[in-house]
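*Asks:* This is the structure I want to talk about, given as structure tokens.
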Amino acid sequence: MNQLVTSLLVLWNDLTRDGREKGATAVEYGLLVALIAAVIIGTVVTLGGQINSAFTTISSQL
């Protein structure tokens, strides 16, 4: 009887741990996507004016 209870507890821990790890993984991926988006937005804001002026110069010379 002890072995059955122990086996059920091990199974329960394995099942619930997988759910927590999947949730943690989803949060980590979400944070990674947010960080990448922030870097892209920062780059566009920083370089946007310079790129715009470069295109304006090129188009005026054409």
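*Asks:* Quote the accessible area belonging to S60 in square angstrom, nearest 10, computed with a 1.4 Å probe and with ligands, DNA and RNA left uncounted.
*Replies:* Near enough 90 Å² of accessible area.
*Asks:* Report the accessible area of I58, computed with a 1.4 Å probe over the heavy atoms of all protein chains in place, in Å² rounded to the nearest 10.
*Replies:* Roll a 1.4 Å probe over it and I58 shows about 90 Å².
*Asks:* Show L11, L31 ordered by accessible area, largest first, where the area counts protein heavy atoms only and the probe is 1.4 Å.
*Replies:* Details: L11 90, L31 115 Å².
In descending accessible area the options line up as L31, L11.
*Asks:* Let me ask something else. Any chance you could look up the accessible area of V10 with a 1.4 Å probe, heavy atoms only, rounded to 10 Å²?
*Replies:* Approximately 80 Å² of V10 is accessible to the 1.4 Å probe.
The values are calculated or read from the model by the stated rules, or taken from the named source; none is laboratory data. A quick note: this is a predicted structure, and the numbers were derived from the prediction, not measured. What goes into the accessible areas is simple: the full protein's heavy atoms, side chains included, and nothing from ligands, DNA or RNA. Shrake-Rupley method; radii C 1.70, N 1.55, O 1.52, S 1.80 Å.
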